[in-house]
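Taking it in order: structure first as structure tokens, then the write-up.
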Amino acid sequence: MAVERTFSILKPDATERNLTGAINAMIEKAGLRIVAQKRVRITKEQAEQFYSVHKARPFFGELVEFMISAPVVVQVLEGEGAIAKYRDVMGATDPSKAADGTIRKTHAKSIGENSVHGSDSPENAAIEISQFFSGNEIVG
Ligand code: GDP
């Protein structure tokens, strides 16, 4: 399987509860390497752009407000099949439906405040990484 890069966000509910290290440990245990990472406060415009695919959904406003409510940690993860692998490690969007041992089952508070984001395709991974990192910030 090819080595890929995926984009990850540790969301405000995770940073607020001091879970950066605990979640990073789950990421690394799964064989993914954190090749870029920074803690930032994203702007409303960045959140709206990032989640623009969900603009028409009833939860869009709530989602944007949540994402700007506290700092987030943005990351690039690298590994074999990293995009699908990280989606597996994250678990289902709704933590009550997520498998045991996944980040969301272990840590998420709700379907909205669900601790992590991970890209869902190679195309989106490339777009999302470039929204938050320049090439020389990613060190594999
Ligand atoms: P993901 O790829 O598993 O993160 O899920 P989606 O792309 O479907 O949704 C993006 C994000 O929107 C989720 O991670 C949640 O934070 C949020 N979200 C999705 N569905 C709901 C919902 O029904 N209610 C609320 N409040 N937020 C939601």
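The values are calculated or read from the model by the stated rules, or taken from the named source; none is laboratory data. Predicted model only: the values in this text are computed from it and were never measured. Cβ atoms come from the backbone with ideal geometry, glycine included; neighbour counts cover every protein chain shown.
Could you list, in sequence order, the residues of the range 6-33 that are part of a strand (DSSP E or B) and under 12 Å from the mean Cα position of the chain (by Cα)? If you could, list the steps in order and put the result at the bottom.
At the first step, the residues of the range 6-33 found to be part of a strand (DSSP E or B) are 6-10, 33.
Residues satisfying the conditions are T6, F7, S8, I9, L10.
One residue stands out in the range 112-123 among those that are closer than 18 Å to V89 by Cα and not hydroxyl-bearing (S, T, Y): the one that is nearest to the chain's Cα centre (by Cα), namely H117.
Summed over the range 96-140, the residues that are under 20 Å from V73 (Cβ atoms), more than 12 Å from the ligand (Cβ to nearest atom), modelled with pLDDT of 95 or more and assigned to a loop (DSSP other than H, G, I, E, B) give a count of 4.
Quickly run through the range 82-92 and pick out the residues that are more than 8 Å from the ligand (Cβ to nearest atom) and either at pLDDT below 95 or buried (at least 16 other Cβ atoms within 10 Å of the Cβ) (or both). So that I can check it myself, show each step before the final result.
At the first step, the residues of the range 82-92 found to be more than 8 Å from the ligand (Cβ to nearest atom) are 82-86, 88-89, 91.
Hits for the range 82-92 are A82, I83, K85, Y86, V89, G91.
On the stretch given as the range 46-81, residues that are part of a loop (DSSP other than H, G, I, E, B), more than 14 Å from the ligand (Cβ to nearest atom) and under 30 Å from M1 (Cα atoms) total 1. For the range 31-48, taking the residues that are crowded, with 17+ Cβ neighbours inside 10 Å and of a type in the set (G, A, S), the one that is nearest to K85 (Cα to Cα) is identified as A36.
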